[in-house]
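Everything below concerns the one structure shown next.
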Amino acid sequence: MKHLFSVCCSLFITTLLFAQDGHELWLRSSKSQPVNIVCSKKTPTLSVAMDELRRGWQGKSGATITLTITKEKALKYDGFKLSENAVQANNDKGILYGVYELLRRQQTGENITSEVNNPSYETRILNHWDNPDGSVERGYAGHSIFWRKDEAFTVTSQDKKLWQEYARANASVGINGTVLNNVNAAPQILNADYLNRVKVIAEILRPYGMKVYLSVKFSSPALLGKLKTSDPLDPEVIAWWKAKIKEIYSIVPDFGGLLVKASSEGQPGPQDFGRTHADGANMLADALKPYGGIVMWRAFVYSPNDKDRAKQAYNEFMPLDGQFRDNVIIQVKNGPIDFQPREPFSPLFGAMKNTSVMPEFQITQEYLGHATHLVFLAPMWEECLQSDTYQKGEGSTVARCTDGSIYQQNHTAIAGVANIGLDANWCGHHFAQANWYAFGRLAWNVNLKSEQIAEEWLRLTFYNDSSARTGSSDYNASWTNDFLKPVKQMMLDSREAAVNYMTPLGLHHIMSANEHYGPGPWWAPKGMRADWTPPYYHQASVIGIGFDRTTKGSDAVEQYHQPLASQFNDPATCPEKFLLWFHHLPWNYTMKSGRTLWDELCYDYDKGVQQVRSFQKTWDKVQPYVDSTRFTAVQRSLRSQCQNAILWKDACLLYFQQFSRMPIPYALERPVNNLDEIIKNDSRRTAE
Ligand code: BDP
């Protein structure tokens, strides 16, 4: 009888759940209460704030809320002060952020306390890797929302609507800037036609407090200006950039600045002319300075000649510490190599003491299963941000070394490589939206916990208020117990699961070539740059596995401040999650669990697969709480994720087993794929 009752309830709830394509993100409209707003000033941003209040007020019906621009010393950047019926800030953007916070708290049922809420970073920016032809590098959610191939310069009302929705979503989590094009920049982005489109985008984003930025190709003076050189010290080159930047500001007066990938992966840069990164960055910084613009100069550099790619950014940039202008920020990826599922933090954080440094995270899941795998990235970013660099004593976390708490920085910033495209749900996977949300929330408050972010996002994105009203408090309780708790746990476990089935124990860069989806530890075609092939990173042989970065090896450990350098250098004290990042060890090396290294690897891969299987069960069970469109989409993705996790496990274990020559522990499930077939399929694909 009880069972029948709950089945009936489930059916009742399900029928009330309207199909959701996910386009509304975490900003799902719900019926609001009437509200009176008192606001003495009038600006486009304040109008947005007032509209949002009217649209989403869930407080007392007929309440009066006051929006006041003050001059409060305790407020930093666009921070705000909140109470149940007042928002104070030093500027209109702060008011807007305060309004979003107020509405979020009303919706999630959090307390509204009257404390100062300042952002951790001044600039909280997305990097779109969007190309002028509409394609998106490492994008898995459809084409660019900004650019397209056909009728490239026509702006439709549909474009404008989408850009406005985009701006609103970003503002609601505090993101205040966006780089509109790929770091592998097409030079034509600086041509008038494109700049006019940038102007329209900027106009739509502006009321939402968002500035636009562009990525530029360092050789633009030669390519576009037909100059003989792009040498940053050449007077004609300097004049060309000055004129170009003047032109940009005449079109977009509040333009934010430039992002530059130079002397990196084949991109031109100052080194082509015998100049340094500082020469290049400073030349652009000087041209931007009169307008208040900044240069975000990337430290993602490596050449095939270096013995250890992990060391290179540090080697190139440390000697330049203190030589950059105060409107240059060095943009550093979280790890020293790339955006791998797990890396130790980049040793540049905290080490560059006289230069502004900003973290770059990848929201798009290039190495984490694209838009197919459910991987909540907040735990990964939290791990990086809360890593202690020890550069200024204990507690010198990456967060504190970059947010201005420890070093005097003229500008502070944090960037996330966007996962946004034209897909109806913006991000490809419904749960990938949580990563966009999480990036914004962490950029605003670098100390937020992943758990809080996941909970907020789930409440905003999946709580069904029409059912809540009919189902009353019972619905609330069962939603919390049977949906929120298990799904939140799934999100929180999902990154570690991906590490387990992809790259456990510090393994890295063993993904399949080019598209970076699935395993490829064997991939090393003749003549290929060694540092683009997985064997360079895993170094597996009959002797053992792992990259020796100890003092006896590449000595990458030396780039870390003590006590980390010694800790990483010794396999007994090196955290096991980084073991094979720093050490080459024999297959029978004894792990803390008492198992051999080989067995541990097998157990970790297996655990990853089992975790995804448990995510499938978790999701199937919450069906009554989710509309069928989103339910089915996530269910299907989890099936593909599970197949891919099994492929990772089978491929890596069977491949490494050729060297370990040890059996896969018999307690574990046997592989279901054959290595030769996996490799054959993979080489067919990489040859395409
Ligand atoms: C790598 C990506 C490549 C990017 C590069 C970068 O595979 O597409 O251009 O990072 O960040 O991970 O510049």
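The values are calculated or read from the model by the stated rules, or taken from the named source; none is laboratory data. Given the structure is predicted, the values throughout are model-derived calculations rather than measurements. All Cβ positions, even for glycine, are placed from backbone atoms using ideal geometry, and neighbour counts span all protein chains on display. Surface areas here come from the heavy atoms of the whole protein model, side chains and all, with no ligands, DNA or RNA. Shrake-Rupley method; radii C 1.70, N 1.55, O 1.52, S 1.80 Å.
A few points about this structure:
- Test: residue in the stretch 490-499 that is among the acidic types (Asp, Glu) and open to solvent by 10 Å² or more (accessible area, probe 1.4 Å): yes
- Criterion: open to solvent by 10 Å² or more (accessible area, probe 1.4 Å) and in contact with a Phe, Trp or Tyr (Cβ under 7 Å, 6 or more places away or on another chain) - qualifying residue of MET511, MET528: MET511
- Selection count, the stretch 220-274, where residues are of a type in the set (Ser, Thr, Tyr) and within 16 Å of the ligand (Cβ to nearest atom): 2
- Among the numbered conditions (1) closer than 30 Å to GLY518 by Cβ; (2) open to solvent by less than 20 Å² (accessible area, probe 1.4 Å); (3) part of a helix (DSSP H, G or I), the only one that CYS401 does not meet is (1).
- Looking at the stretch 451-561, the helices (runs of 4 or more DSSP H) lying wholly inside it that each contain 3 or more residues that are of a type in the set (Lys, Arg) sit at 485-502.
- Listed by first and then second residue, the pairs with beta-carbon distance under 6 Å, at least 6 apart or on different chains, first residue in the stretch 61-78 and outside the structural domain of HIS411 (by TED's automatic domain parsing) and under 13 Å from GLY98 (Cα atoms), second buried (at least 18 other Cβ atoms within 10 Å of the Cβ) and of a type in the set (Gly, Ala, Ser), are ASP78/GLY94.
- For the stretch 133-179, filtered to residues that are among the acidic types (Asp, Glu) and within 25 Å of the chain's Cα centre (by Cα), the residue that is nearest to the ligand (Cβ to nearest atom) is GLU137.
- Any hit, the stretch 300-317, residues being among the acidic types (Asp, Glu), within 13 Å of the ligand (Cβ to nearest atom) and closer than 30 Å to MET528 by Cβ: no
- For the stretch 353-376, filtered to residues that are part of a loop (DSSP other than H, G, I, E, B) and within 15 Å of the ligand (Cβ to nearest atom), the residue that is nearest to TRP444 (Cα to Cα) is ILE363.
- Any hit, the stretch 119-131, residues being open to solvent by 10 Å² or more (accessible area, probe 1.4 Å), at pLDDT 95 or above and within 16 Å of the ligand (Cβ to nearest atom): yes
- The one condition in (1) over 27 Å from GLU137 (Cα atoms); (2) charged (D, E, K, R); (3) crowded, with 22+ Cβ neighbours inside 10 Å that GLU360 fails to fulfil: (1)
- Residues satisfying the stated conditions in the stretch 132-163, i.e. among the aromatic types (Phe, Trp, Tyr) and under 22 Å from GLU203 (Cα atoms): PHE146, TRP147, PHE153, TRP163
- If you check PRO235, PRO253, PRO290, PRO221 for being free of Cβ contacts under 8 Å to residues at least 40 places away in the same chain and in contact with a Leu (Cβ under 7 Å, 6 or more places away or on another chain), only one passes: PRO221.
- Selection from the stretch 397-419 of residues that are hydrophobic (A, V, I, L, M, F, W, C), out of contact with any Pro (no Cβ under 9 Å at 6 or more places or on another chain) and within 16 Å of the ligand (Cβ to nearest atom): VAL417, ALA418
- Matching residues in the stretch 193-221 - criterion: being more than 23 Å from PRO268 (Cα to Cα) and open to solvent by 10 Å² or more (accessible area, probe 1.4 Å): ASP193, ASN196, LYS199, VAL200, GLU203, ILE204, ARG206, PRO207, TYR208, LYS211
- Of all residues in the stretch 173-191, those that are touching a residue at least 40 places away in the same chain (Cβ under 8 Å), open to solvent by 10 Å² or more (accessible area, probe 1.4 Å) and in contact with a helix residue (DSSP H, G or I) (Cβ under 8 Å, 6 or more places away or on another chain) total 2.
- Restricting the stretch 327-352 to residues that are touching a Gly at 6+ places or on another chain (Cβ under 8 Å) and open to solvent by 10 Å² or more (accessible area, probe 1.4 Å) leaves a set whose member that is nearest to the ligand (Cβ to nearest atom) is GLU343.
- Verdict on ASP306 being modelled with pLDDT under 95 and over 20 Å from the mean Cα position of the chain (by Cα): yes
- Scanning the stretch 295-320 for residues that are open to solvent by 10 Å² or more (accessible area, probe 1.4 Å) and either within 22 Å of SER230 (Cβ to Cβ) or touching a Lys or Arg at 6+ places or on another chain (Cβ under 7 Å) (or both) yields PHE300, TYR302, SER303, PRO304, GLU316, LEU320.
- Checked against the criteria, TRP587 counts as in a loop (DSSP other than H, G, I, E, B), open to solvent by less than 30 Å² (accessible area, probe 1.4 Å), closer than 19 Å to MET662 by Cα and not charged (D, E, K, R).
- Those residues of the stretch 534-563 which are in contact (Cβ under 8 Å) with a residue 12 or more places away in the chain, surrounded by fewer than 20 Cβ atoms within 10 Å (Cβ to Cβ) and not acidic (Asp, Glu), in sequence order: PRO535, TYR536, GLN539, SER541, VAL542, ILE543, THR551, GLY553, SER554, HIS561, GLN562, PRO563
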